[in-house]
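*Asks:* The structure's right below; bear with me while I get my questions together.
The values are calculated or read from the model by the stated rules, or taken from the named source; none is laboratory data. Keep in mind that this is a model prediction, so the values were computed, not measured. Reconstructed Cβ throughout: ideal geometry from the backbone, glycine too, with neighbour counts over all protein chains shown.
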Amino acid sequence: MEILLVILIGLLYAAGIYMILRRSLVKLIIGLILLGNGANMLIFLLGKIVKGKPPIIEATGKALEGLYADPIPQALILTAIVISFGLQAFAIILVKRAYKVIKTDDLDEMNATDEDL
Amino acid sequence: MLLAVLSGFFVALGLPLIIKVFKGPNTLWVSLFPLSLFIYFISKLPAIKDGETLSSSWAWVPSLGIGLDFYLDGLSLLFTLLITGIGTLVFVYTSSYLKGHIYLDRFYAYLSLFMASMLGLVLADNIITLFIFWELTSISSFFLIGFNNDNEASRKSALTALSITGLGGFFLLTGMVTLGYVAQEYQISALATLSEEIQANALYPLILVMVFVAAFTKSAQFPFHFWLPGAMKAPTPVSTYLHSATMVKAGIYLLARFTPILGNHEWWNGPLIIVGSITMVYAAIHAIFRLDLKAILAYSTISALGILVFLIGLGTDEALLAAGVFILVHALYKATLFLVTGIIDHETGTRDVSKLSGLNKVMLPVGIAAILAAISNAGIPASFGFIGKDLIYEATLHLGNMGYVLTGLAVITNVCLLFAGFLAGIKPFIGPLPPAFSKLHLPPATMWVPPLILASLGMVFGLFPMVVDTALIKPIVSSMTLGTPTFELKIWHGFNIVLLLSLLTIGSGIALYFILKPSEVLFAKATRFEKLSPESAVNQFAKGFVSFSSKWTNFFQNGYLRYYLITILSFLSLLLGYRLFYGVEIYVDTSTLSDITLYEAVIVLIMAAAIFFTVFSKSRLTAVASMGVVGYCFCLIFLFYSAPDLAMTQFSIDTLTVILFVLVLYNLPKYLTLSDTRDRIRDGLLSLIFGALISILTLEVMNETVTKDITSYYAENAYILGKGKNVVNVILVDFRGFDTMVEITVLAIAALGVFSLLKLRLKSIEKE
């Protein structure tokens, strides 16, 4: 399974980079989201994936015992997902707003400061 | 001594504040600072006279062998006295010259800074400390030369001076580090004993080149001389201080200081003689065609510096004696002439020598000072300059056949210098007074007393050479030759060839003064080769450099996001690829991998297809929806592999993102393919390569053993310390609770941004 995930990570990175190299701002945002997913999966995979053993302490236990999934990458990814949502939401609205003002989302045409508009 | 050197820095720091507090019209009291230093150094005179040397040291960076070590011998004493003595007079003079200038406080601070750096330079006993103070003089002189910062020419010449002397600084550092490496010794006073070993080392020529370039740039030797005339844009007190007595002499000091260490070798003497004689003749000839008083003085200063380099190059005891005396002679008369020029400029508003005459009638004391200085400069008997000139001729004549050529050059130089001195010191004061100047009056005493003191000293030392003979000159020579000098300064040497040469010089100089009248025509003739001068070469180089760097910058900083990304990613891919290809053996340990179940494989396939659709879809809706699918599949993978919290978060966030996208979808531009096929292929290749590299990297990293210390800490303590059973939750809200709070803040700010962007009404102009 790890091999499949590794390929998936490569695919996500490649797709993300291809998208952020486009001239359209919308594609740029999609590219960032894909890249973010790729990075999250990378972190997840490097913490060693374990099946069916979530890092939750048994009702009677006082600590995690035996084989369990690593909680640290999970905590990291959780933070990353939430933060990237903040970024995405803001970026989407910003693009919409920018498009309303200057009528384009082509990066090559967004090369003037507001004074030149 | 440490305090004496460093006090200038503290004073420079405090002065602007102090002057602001005591904001009075008179800033004469500031001169007490250099005066006290002068008194301090002159009190050391008896000790130095008896052949003692004083030193003080304070470890600064002992591990690198750098210390604030100071060492006072005859040579340093001469320079400290010039620096503080002329410094005092310049401070006094400035209090009138720049009276009421808004930046007067700053000016004094720069002057103190410069004075302190200069003192540090001539007293430093550690070659690295020497370099540091050397650089400080360059930097502080930059501020002084560019003091009139609203004037473009002034800014430009400050920059030129800084680049040239700064360049020299690099060379000095290289030279000093090499010297320290070769000798394994950083104390200047100790280096002299290692002189033979240093000169036998293969790196000796390198050290020489470095020291030469440093000295030549600082002391304005050909072909680096041009910054000095440019630096005349500075206020006259600066020109007086920096360009007659102190900074330009730093190069001379360096050469003199290193004479016992590096000197007495043909590679040392030859270049110095050649460069020195070229400079002295070239600049002297240039000086006689100038019309601007300060330009005349600038070129004659360069010429005088040439003479000094030349004398140090000769390296005989007589030549070094002549150099020691000439440093003093030159400082005295040149500072006088500069100060006088400042007065003339200040009172008449012109420095054009062809327009000035007869000023004696309105400002006699100034005239007396100027004429005395011109006499000393001319080397007319009974002046200190006469003794200096005699010594130079004696030094050149005693060299055998080559001596005649060099003597000839010295005579030509001196004739031109005499002419230049007369032009600057005598011409403005004699003859008829033009009606335009008849209303002029004598400036305040603080302006004319300093030049008069200097000029009179030039005469006193000339008439009574024994005043300075044993006290000052002998220790200077002994610190350059490391021996006990046996000579006596005499005003009368009897009738001999030296006297004849002196008379010849004076005669032809005066004749020249009557024949050659300064005029625009001559000036134009003399400067028509300017295009070929080193100055234009440097300017061309500077222009070329600027245009090259702007091309370079425009190439890399082109303003296109994708080109930046391409540059960064290509470079990263190259590095990563190189490392993975050559440094890493790729293998996968299949035994540790988990099995692939059918539904997992299906999920992965769906995900891959969704990625594909996201990238290649022509419709926004499809792209956004496929992106959602990618997210949901991701969510399932989290679920399979024991991360229920992540699955929940991913699920809600992904849903929200898609909803947000769809909400604004119709307010978004058309989903067009903007780039052409070639660009797409290029980007596709780059992203595939990068993706593949990341995959390989991941495979390799998976082989690394991970230490689980932190994980087991959380696993054991989540319940005991955090009272929670879901470890991921405990980490987020308890162990790293503060981080989470900041994260919430970030989200809140983003939400505020989103909200305000949505609610913001367009202004009427923006709507159109």
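*Asks:* Among the strands (runs of 3 or more DSSP E) contained in region B:46-131, which hold 3 or more residues that are touching a strand residue (DSSP E or B) at 6+ places or on another chain (Cβ under 6 Å)? Working first, answer last.
*Replies:* Working: elements: B:54-56, B:59-61, B:70-72.
Ranges flagged: B:54-56, B:70-72.
*Asks:* Quick one: is B:Val615 of a type in the set (A, V, I, L, M), surrounded by 21 or more Cβ atoms within 10 Å (Cβ to Cβ) and modelled with pLDDT under 90? Steps first, answer last, please.
*Replies:* Details: of a type in the set (A, V, I, L, M): yes; surrounded by 21 or more Cβ atoms within 10 Å (Cβ to Cβ): yes; modelled with pLDDT under 90: yes.
Yes.
*Asks:* From the set of residues in region B:1-21 that are buried (at least 17 other Cβ atoms within 10 Å of the Cβ), of a type in the set (A, V, I, L, M) and out of contact with any Asp or Glu (no Cβ under 7 Å at 6 or more places or on another chain), which is farthest from B:Leu54 (Cα to Cα)?
*Replies:* Step by step, filter region B:1-21, then rank; the result is B:Ala12.
*Asks:* Does at least one position in region B:603-624 carry a residue that is facing chain A (nearest Cβ under 9 Å), polar (S, T, N, Q), within 20 Å of A:Leu25 (Cα to Cα) and touching a helix residue (DSSP H, G or I) at 6+ places or on another chain (Cβ under 7 Å)?
*Replies:* Yes, because at least one residue in region B:603-624 is facing chain A (nearest Cβ under 9 Å), polar (S, T, N, Q), within 20 Å of A:Leu25 (Cα to Cα) and touching a helix residue (DSSP H, G or I) at 6+ places or on another chain (Cβ under 7 Å).
*Asks:* Also: Got a number for residues in region B:346-358 being assigned to a helix (DSSP H, G or I) and either crowded, with 18+ Cβ neighbours inside 10 Å or among the aliphatic types (A, V, I, L, M) (or both)? Explain how you work it out, then say what you get.
*Replies:* Start the filter on region B:346-358 by keeping residues that are assigned to a helix (DSSP H, G or I), which leaves B:346-348, B:353-355.
Next cut, either crowded, with 18+ Cβ neighbours inside 10 Å or among the aliphatic types (A, V, I, L, M) (or both) only: B:347-348, B:353.
Count: 3.
*Asks:* Which ones in region A:69-86 are over 23 Å from A:Ile17 (Cα atoms) and within 7 Å of chain B (Cβ to nearest Cβ)?
*Replies:* Applying the first criterion (over 23 Å from A:Ile17 (Cα atoms)) to region A:69-86 yields A:69-75.
Hits for region A:69-86 are A:Ala69, A:Asp70, A:Pro71, A:Ile72, A:Gln74, A:Ala75.
*Asks:* What residue, among those in region B:455-490 that are part of a loop (DSSP other than H, G, I, E, B) and modelled with pLDDT of 75 or more, is nearest to B:Gly324 (Cα to Cα)? Break it down into steps so the answer makes sense when it comes.
*Replies:* First, the residues of region B:455-490 that are part of a loop (DSSP other than H, G, I, E, B): B:464-465, B:482-490.
Then keep just the ones that are modelled with pLDDT of 75 or more; that gives B:464-465.
On the way: B:Phe464: 17, B:Pro465: 13 Å.
Checking each candidate, the answer is B:Pro465.
*Asks:* Would you say B:Val366 is buried (at least 22 other Cβ atoms within 10 Å of the Cβ) and in the same structural domain as B:Tyr282 (by TED's automatic domain parsing)?
*Replies:* Details: buried (at least 22 other Cβ atoms within 10 Å of the Cβ): yes; in the same structural domain as B:Tyr282 (by TED's automatic domain parsing): yes.
It is true that B:Val366 is buried (at least 22 other Cβ atoms within 10 Å of the Cβ) and in the same structural domain as B:Tyr282 (by TED's automatic domain parsing).
*Asks:* Here's something else I'd like to know. Of these, A:Val101, A:Val50, which one is facing chain B (nearest Cβ under 7 Å) and within 30 Å of B:Asn729 (Cβ to Cβ)?
*Replies:* A:Val50
*Asks:* Take the conditions more than 7 Å from chain B (Cβ to nearest Cβ), of a type outside the set (Asp, Glu) and either in contact with a helix residue (DSSP H, G or I) (Cβ under 9 Å, 6 or more places away or on another chain) or under 27 Å from B:Asp739 (Cβ atoms) (or both) and apply them to A:Ser24. Does it pass?
*Replies:* So A:Ser24 fails the test.
*Asks:* Step by step: first the residues of region B:574-612, then only those that are outside any helix (DSSP H, G or I) and hydrophobic (A, V, I, L, M, F, W, C), then the one that is surrounded by the fewest Cβ atoms within 10 Å (Cβ to Cβ). Which residue is that? Reasoning before the result, please.
*Replies:* Our first condition is that a residue be outside any helix (DSSP H, G or I); within region B:574-612, this holds for B:584-589, B:593-597.
Narrowing the set further to residues that are hydrophobic (A, V, I, L, M, F, W, C) leaves B:584, B:586, B:588, B:593, B:596.
Details: B:Val584: 13, B:Ile586: 10, B:Val588: 14, B:Leu593: 14, B:Ile596: 13.
Once the filter is applied, the top-ranked residue is B:Ile586.
*Asks:* Now, a different point. I'd like the residue in region B:92-116 that is over 24 Å from B:Thr336 (Cβ atoms) and not charged (D, E, K, R) and, out of all such residues, is nearest to the chain's Cα centre (by Cα).
*Replies:* Result: B:Leu113.
*Asks:* Looking only at region B:632-657, count how many residues are acidic (Asp, Glu) and facing chain A (nearest Cβ under 7 Å).
*Replies:* 1
*Asks:* Pick from region B:673-694 the residues that are polar (S, T, N, Q) and in contact with a helix residue (DSSP H, G or I) (Cβ under 9 Å, 6 or more places away or on another chain): which of them is nearest to A:Ala15 (Cα to Cα)? Steps first, please.
*Replies:* First, the residues of region B:673-694 that are polar (S, T, N, Q): B:673, B:675, B:677, B:687.
Next cut, in contact with a helix residue (DSSP H, G or I) (Cβ under 9 Å, 6 or more places away or on another chain) only: B:673, B:675, B:687.
Working: B:Thr673: 16, B:Ser675: 16, B:Ser687: 7 Å.
Checking each candidate, the answer is B:Ser687.
Residues checked against (1) surrounded by fewer than 24 Cβ atoms within 10 Å (Cβ to Cβ); (2) closer than 25 Å to B:Ser219 by Cα; (3) touching a residue at least 60 places away in the same chain (Cβ under 8 Å):
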| position | (1), (2), (3) |
| --- | --- |
| B:Lys49 | yes, no, yes |
| B:Pro62 | yes, no, no |
| B:Leu68 | yes, yes, yes |
| B:Gly100 | yes, no, yes |
| B:Leu104 | yes, no, yes |
| B:Val122 | no, yes, yes |
| B:Asp125 | no, yes, yes |
| B:Phe131 | yes, yes, no |
| B:Ile145 | no, yes, yes |
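*Asks:* Go through region B:246-289 and count every residue that is under 25 Å from the mean Cα position of the chain (by Cα) and not small (Gly, Ala, Ser).
*Replies:* So the answer is 13.
Quick grid of which residues meet (1) touching a Leu at 6+ places or on another chain (Cβ under 7 Å); (2) free of Cβ contacts under 8 Å to residues at least 24 places away in the same chain; (3) at the interface with chain A (Cβ under 7 Å from one of its Cβ atoms):
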site	(1), (2), (3)
B:Leu688	no, yes, yes
B:Glu700	no, no, no
B:Ile710	no, yes, yes
B:Tyr719	no, yes, yes
B:Asn726	no, no, yes
B:Thr740	yes, yes, no
B:Ile749	no, yes, no
B:Phe755	no, yes, no
